[in-house]
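Encoded as structure tokens, the structure appears first; notes follow it.
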Amino acid sequence: MRSVPIPRTGGKPTGPLHAAAILVALGTLTGPRAQAQTQTASTASTSTLTATLPAQPTPTPVAVVPVQVQTSQAEAAAAQQGPKEPTTEAAFETPKDDLASVLKGKDMTGTPPGPPREDVLPAPSAAAGEPRPAVNYDGREAQAASAGEILIWVPRIVLYPVHLVMNYLVRVPIVWTVTRLEEYYVFKRIERFLSFRDGKSIIFPTFFGDFGLRPGAGLTNNNTDLFFKGNDLSLSVGFGGPDFISASVTNNTKVLSDNSGRLRLFGNFVRRSDQPFYGEGPFTSTDQRYNYEVRRLEAGWELRAVLEDLSWISFGQTLRSVEFANDGIGDSIAILDTPEHRAPANCGDEAYSSRPRVGTSRPYAPCGYSDDGGYGLLESRLEAKIDTRDPDTEYRGGSGMLFEAFGSFEFDPTNLSRSFVRFGGEVGGFWDVSGAGHTLALRIYGEFTERTGSVDDPIPFTELPALGGMETMRGFLQRRFVGDSAFMATASYRYPIWSLLDAEIFASVGNVFDGHYSGWSFERQALSSGISLRTSFTRDSSLQILFAVGTNRFEESENDNFKVDSVRFAFGYVKGF
């Protein structure tokens, strides 16, 4: 037994002597060779090593604590014999045990050994060589398919040919092109080039086209928070030739204490010589088209207040000036200005437009039309919208009901005997079958006019209810159907095909009638159907690429004359779902 005292100061080992004592102890534990070398420096098998600390300004007592190190008799005898010269083989002797074997079962950090591997890992999910089951990441049991998930397969199967066309002939080229443009930051570079005011203002080109009408191009400038926060200004111009010019300005300002209101000031001018006229009433034909030139200038204001979520109410006024000319392209409307086709003097009080054609295929001239005249109107309009769809589904239609109603009173400030009221609305139901934008919709639209002034000053034909264009009866050109009242019912299915891009399949029936649906019948309706691609940036408006067809009235099938009356391809801006 050998004692190695370790100096202590204040009860704790300190100083170089403490380290030396530890080295001596470790040497004793490392083996006979180290013990022999250690014993050479020692004069006995049991020795005492004492020391004092260096002189300090204030001497501190040093406690000597003996450390007992166990040594065997063989080791002590070897130490007394002195060191032996190591042989070459002994100097380069390879250890019999590697480090892992030496440390087996030991942890030099004091951490207890870990549990066995089989106690930590779960049991295998499958036997060796067998496929493992699918992982249930959300931790919920599999649920049965809902009714919507089952019903969604009905339009998928029925409309599969349409899906092939929309997917491989339309969607795939668009996705490939847009992806390549984004890969090389084309959109970002164009945006940086066209925007200013730290991105709050931008100028971008616009294009619009419709087979049957003149195409055009233009520029639009949008400004956010211009002049003050919450004020947005939009300017746009369009050009399609010397007789196709358009310009508009719109300023929107947030009002009310919670910024839920909007005050809109607007003005626009348009001059076009390709405006079509097919006649008035339900018995018109697409083959009989006559063009006229119109110059329209209007300015007004509108105040809109949000009722709740997507519901709102608005009131506004518009001052409008309209002039006509016979300089229309193609067959001019002036051809109809003959005694045979001229409207009677009191045409505003009789349904002359709906009389069947007798000995002629031309439509009757518009009631009150004059090639060197025009009119002015001051319109006061009240409009309301109730929409129960979820406002959180910003980019999808969602499920719910839609109710819209409007009414206006209009009169000519320069001729008070010309006045009338206009009213109507729309009701629609929407069902998002899958909850992911696969929406079935049914909408019914109606509009009426009622003359309140003199019979000698009828309602101008350009102010009568009309169907056709980008929003109603889309298989026909704008104002294809013109009459005292209008009816349309539309069924549609809309589903997402890419990010912020939807496909829509629709079918509509509708027509115009004299009075308040005088002579209305299902057989007198025309059919319009087609497919379109629509953006889903917002619910109320979108950009649309449209391909659609329209037919003549169903009653024409009695004479085996029911046929496709119109084929249309167009792209442009559309309002509504």
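Worth pointing out:
- Candidates ASP258, ASP274, ASP232 - the one that is assigned to a strand (DSSP E or B), within 32 Å of the chain's Cα centre (by Cα) and charged (D, E, K, R): ASP232
- Some residue of the range 460-469 being in a loop (DSSP other than H, G, I, E, B), in contact (Cβ under 8 Å) with a residue 24 or more places away in the chain, farther than 12 Å from GLY510 by Cα and of a type in the set (Asp, Glu): no
- Only one of the numbered conditions (1) buried (at least 17 other Cβ atoms within 10 Å of the Cβ); (2) over 22 Å from PHE409 (Cα atoms); (3) at pLDDT below 75; (4) out of contact with any Ser or Thr (no Cβ under 7 Å at 6 or more places or on another chain) is not met by ARG357, and that is (1).
- Consider the range 204-230 and keep the residues that are surrounded by fewer than 16 Cβ atoms within 10 Å (Cβ to Cβ) and in contact (Cβ under 8 Å) with a residue 40 or more places away in the chain. The one that is farthest from GLN478 (Cα to Cα) is PHE207.
- Unmet criterion (only one of (1) loosely packed, with under 13 Cβ neighbours inside 10 Å; (2) aromatic (Phe, Trp, Tyr); (3) touching a strand residue (DSSP E or B) at 6+ places or on another chain (Cβ under 8 Å)) for PHE187: (3)
- Flag if GLY453 is in a loop (DSSP other than H, G, I, E, B) and at negative phi: yes
Residues checked against (1) more than 25 Å from the chain's Cα centre (by Cα); (2) among the small types (Gly, Ala, Ser); (3) over 30 Å from TRP301 (Cα atoms):
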residue	(1), (2), (3)
GLU130	yes, no, yes
GLU141	yes, no, yes
ARG156	no, no, yes
GLU183	no, no, yes
ILE203	no, no, no
SER236	no, yes, no
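- Out of ASP274, ASP287, ASP309, one residue alone is surrounded by fewer than 16 Cβ atoms within 10 Å (Cβ to Cβ) and either within 28 Å of MET473 (Cα to Cα) or outside the structural domain of SER201 (by TED's automatic domain parsing) (or both). It is ASP287.
- GLU558 satisfies every condition listed in (1) more than 28 Å from VAL270 (Cα to Cα); (2) touching a strand residue (DSSP E or B) at 6+ places or on another chain (Cβ under 6 Å) except (2).
- Test result for GLY453, surrounded by fewer than 22 Cβ atoms within 10 Å (Cβ to Cβ), within 18 Å of GLY510 (Cβ to Cβ) and assigned by TED's automatic domain parsing to the domain that holds TRP498: no
- Residues satisfying the stated conditions in the range 471-500, i.e. surrounded by fewer than 20 Cβ atoms within 10 Å (Cβ to Cβ), part of a loop (DSSP other than H, G, I, E, B) and of a type in the set (A, V, I, L, M, F, W, C): LEU500
- Entirely in the range 108-226, the helices (runs of 4 or more DSSP H) that have 1 or more residues that are among the acidic types (Asp, Glu) and modelled with pLDDT of 90 or more: 172-183
The values are calculated or read from the model by the stated rules, or taken from the named source; none is laboratory data. Model, not experiment: these values are computed from the prediction. Using ideal geometry, Cβ is built from the backbone for each residue, glycine included, and neighbour counts are taken over all protein chains shown.
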